[in-house]
Amino acid sequence: MKGDAPAPRVLVVEDESTLAAGIAENLEAEGYVAEVVGDGAKALERIRAREHDLVLLDVMLPRLDGYTVCRKAREEGIGVPVLFLTARAEEADRITGLESGGDDYLGKPFSLRELLLRVAAILKRYRWYEGPDSTGTLLRFGGNEVDFRTYVGTAWDGRRHELTHKEAMILKLLTECEGEVVSRERVLDVVWGYEVYPSTRTIDNFILRLRKRFERDSDAPLHFHTVRGVGYRFTKDPGFTP
Ligand code: CA
């Protein structure tokens with residue numbers, strides 16, 4: 001770790017003790033502070049203490065599975081980034097992991113190098129997300145309001161939406177580049193930030209969700225435009241009141 005910034009603290013939730021010890025040792029060799037717990041209930045208890053910068057979360061765990069741990073934490077408004085570690089690298093499980101509020105997903109077996117790259121990428125993305133920029137913490141467009149800190153959006157029709165971290169990051173990136181086309185590659189680089197990319201369809205689905213939440217007519221979007229074959233463009237003010 002560089003400079004005077006405190007070492008990031010990582011909670012390692014893994015019931016295979018040899019694997020857990022190996023992960024912790026490697027994290028500490030990289031300058032992180034690692035804490036290991038071996039079951040889901042204990043993990044939730046430690047996450048609630050809000051002492052960690054990142055959680056590595058196994059899925060198959062005694063007492064409480066990883067998805068439930070993550071979902072409960074999110075329901076309690078805890079936004080710590082979560083990287084799922086699991087042998088169940090099926091597409092359906094990936095979706096479950098993301099829907100329960102996870103940020104990323106690493107299938108077992110994985111190399112420790114790959115894990116460390118992911119950890120560094122996630123922490124970097126969070127620093128970008130939380131860092132100062134021109135967009136501020138509150139975004140208003142078309143009668144919608146989104147608070148980037150609480151992940152809560154209030155739509156033009158009064159509905160309240162809890163955004164996932166990925167949704168909030170995509171929205172933040174698009175608003176930072178307001179009026180410009182943001183390529184899919186750039187979305188992948190900033191929001192996912194590593195080389196094992198999700199499919200283009202995954203990003204399209206995120207955009208569709210944003211439209212459903214914040215557009216008056218999601219089939220005729222005024223704010224979230226797809227530029228076919230290139231990427232996406234956000235328009236804050238379409239120039240008229242619909
Ligand atoms: Ca396990």
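The values are calculated or read from the model by the stated rules, or taken from the named source; none is laboratory data. Since this is a predicted model, take the numbers as computed values, not measurements. No Cβ is skipped: glycine too gets one built from the backbone with ideal geometry, and neighbour counts run over all protein chains shown. Heads up: the accessible areas ignore ligands, DNA and RNA and are worked out on the full protein's heavy atoms, side chains in. Shrake-Rupley method; radii C 1.70, N 1.55, O 1.52, S 1.80 Å.
Some points to look at:
- For the chain, the calculated P(r) over all alpha carbon pairs, in 5 Å bins from 0 to the bin holding the longest distance, is 1, 6, 14, 17, 19, 16, 12, 8, 5, 2, 1, 0, 0 percent.
- Selected from Phe110, Phe224, Phe148 as most flexible by GNM, with the chain as the system and alpha-carbon contacts under 10 Å: Phe110
- Kirkwood-based Rg to Rh ratio, segment 9-130, C-alpha trace: 0.92
- The ellipsoid that matches the Cα gyration tensor of segment 138-234 has semi-axes, each √(5λ) in whole angstrom, of 21, 15, 12, with the longest given first.
- Per residue value of the accessible surface for the chain (all protein chains in place, 1.4 Å probe), Å²: 50 Å²
- The alpha carbon centroids of segment 199-229 and segment 59-84 are separated by 28 Å.
- Solvent-accessible area assigned to carbon and sulfur over the chain amounts to 49 percent, based on a 1.4 Å probe.
- Relative contact order (%) - criterion: Cα under 8 Å, at least six apart; region: the chain: 12 percent
- GNM flexibility winner over the chain from Arg228, Arg46, Arg63 (Cα, springs under 10 Å): Arg228
- Computed over segment 9-130: relative contact order in percent, which uses C-alpha pairs under 8 Å that are six or more apart: 22 percent
- Modelled this way, with points 7 Å down the Cα-to-C-beta line, the labels at Ala41 and Ser111 are 3.9 nm from one another.
- The chain - mean residue ellipticity at 222 nm from DSSP helices (-39,500 (n - 2.57) per run, n ≥ 4, rounded to 500): -11500 deg cm²/dmol
- With Cα atoms defining each centre, segment 143-190 and segment 113-129 are spaced 20 Å apart in the structure.
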